[in-house]
Amino acid sequence: MRSLIDILDFTVEEVNELIATANDIIDNPDKYCEKCKRKKLATLFFEPSTRTRLSFESAMIELGGSVIGFSAANNSSAAKGESVADTAKTISCYADIIAMRHPKEGAPLVAAQNATIPVINAGDGGHNHPTQTLTDLLTIHREKGGFENLTVGFCGDLKFGRTVHSLITALSRYSGLNVVLISPEELKLPSYIKKDVLKKNGIPYKQTTDLESVMPELDILYMTRVQRERFFNEEDYLRLKDSYILEPKKLNNAKKDLCIMHPLPRVNEISVAVDDDPRACYFKQVLYGKYIRMALILKLLEEAEK
Ligand code: CP
């Protein structure tokens, strides 16, 4: 049974096909409005979410299917001690496909190993968030026309930001990538990603604490929130939370066609005054998330029926 746990579960060709399908859905929504008639998506969210859960639900509804699920662990029998494996076996009796978010790294993989239907990782701890990555790839593709020869700056919490980990991994498969890592010392990208992804693929990268000094180089600026829920103490969070606040004046020396992205939710890291800048792409990114998830649901259900 085909699932999506890690972005590398899909080849570059498959990612390109998903992007092509999402673009076709954007252009021809009526063609897709009954594709999932009588199919059910189960959204199993053991951790809070606005965009991921509701975009999955909107995606399935727009495909003509329906949705069941829960939005917090304490609304499910996990609160009584039920395992992820048993939850996955149970939901396989009710639904055709699962989207799961869980605070523990690896929980969606355990679900996939026990379910008889496809499982989509909708975010596991500080590890991976492959459908946010597909969203980001569709956004980059639509804004930049492709993935080659881009200088991408990742700014903020690069240690705990699972969207950053997944996107760097995904972009590492395209040529001409340059990575600029902008973070406080304490929130640097984990060494294993530098070693296993950047160094292994010969991708040039540099690390800095100073966003403004690298701004003119960037084609894409990927801002991130400091992940309060992953900190061990509140004091460290409070000290680091406002390390970077993107304000209009900081964009003065940025490229005219810079693409500013953020997986959202934002806290303080992008001033609302930036929202009107034509380079701000983060709310378009939210919308693209629904279309790429429609494409993903279609792909996994089609493969399950083979
Ligand atoms: N980007 C993202 O995962 O947002 P939510 O936490 O609201 O789902």
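The values are calculated or read from the model by the stated rules, or taken from the named source; none is laboratory data. Keep in mind that what you see is a predicted model, and the values were worked out from it rather than measured. No Cβ is skipped: glycine too gets one built from the backbone with ideal geometry, and neighbour counts run over all protein chains shown.
Looking at 51, 38, which one is under 24 Å from residue 126 (Cβ atoms) and among the basic types (Lys, Arg)? Going through 51, 38 in turn, the sole match is 51. Within segment 40-61, being surrounded by fewer than 19 Cβ atoms within 10 Å (Cβ to Cβ) and more than 16 Å from the ligand (Cβ to nearest atom) holds for 40, 61.
Residue 219 falls short of the stated requirement of being free of Cβ contacts under 8 Å to residues at least 60 places away in the same chain and either in contact with a Ser or Thr (Cβ under 8 Å, 6 or more places away or on another chain) or over 16 Å from residue 277 (Cβ atoms) (or both).
Which residue, of 301, 296, 238, is away from the ligand (no atom under 16 Å from the Cβ) and within 23 Å of the chain's Cα centre (by Cα)? On inspection, the qualifying residue turns out to be 301. When 167, 171, 134 are checked against the criterion of being on the phi < 0 side of the Ramachandran plot, away from the ligand (no atom under 13 Å from the Cβ) and among the aliphatic types (A, V, I, L, M), a single residue qualifies: 171. Looking at segment 99-131 only, could you name the residues that are of a type in the set (Val, Ile, Thr) and within 16 Å of the ligand (Cβ to nearest atom)? Within segment 99-131, 120, 131 meet the criteria.
Are any of the residues in segment 112-126 modelled with pLDDT of 95 or more, buried (at least 24 other Cβ atoms within 10 Å of the Cβ) and assigned to a helix (DSSP H, G or I)? No, segment 112-126 contains no residue that is modelled with pLDDT of 95 or more, buried (at least 24 other Cβ atoms within 10 Å of the Cβ) and assigned to a helix (DSSP H, G or I).
All told, residue 174 falls short of being at pLDDT 95 or above and in contact with a strand residue (DSSP E or B) (Cβ under 9 Å, 6 or more places away or on another chain). Residue 242 falls short on exactly one of the conditions (1) farther than 21 Å from residue 138 by Cα; (2) in a loop (DSSP other than H, G, I, E, B); (3) at pLDDT 95 or above, and that condition is (3).
Each residue in segment 186-236 was checked for being modelled with pLDDT under 95, surrounded by fewer than 12 Cβ atoms within 10 Å (Cβ to Cβ) and either under 28 Å from residue 143 (Cα atoms) or of a type in the set (Lys, Arg) (or both), and 0 of them qualify. Within the set 101, 142, the sole residue that is in a strand (DSSP E or B), more than 27 Å from residue 199 (Cβ to Cβ) and not aromatic (Phe, Trp, Tyr) turns out to be 101.
Number of residues in segment 52-64 that are closer than 28 Å to residue 86 by Cβ, touching a helix residue (DSSP H, G or I) at 6+ places or on another chain (Cβ under 8 Å) and not β-branched (Val, Ile, Thr): the value is 4.
Each residue in segment 68-98 was checked for being within 19 Å of residue 116 (Cα to Cα), more than 15 Å from the ligand (Cβ to nearest atom) and without any contact (Cβ under 8 Å) to a residue 60 or more places away in the chain, and 16 pass.
For segment 45-90, filtering for residues that are in contact with a Pro (Cβ under 9 Å, 6 or more places away or on another chain) and under 27 Å from residue 26 (Cα atoms) leaves 3. Within segment 189-211, one or more residues are in contact with a Gly (Cβ under 8 Å, 6 or more places away or on another chain) and away from the ligand (no atom under 16 Å from the Cβ).
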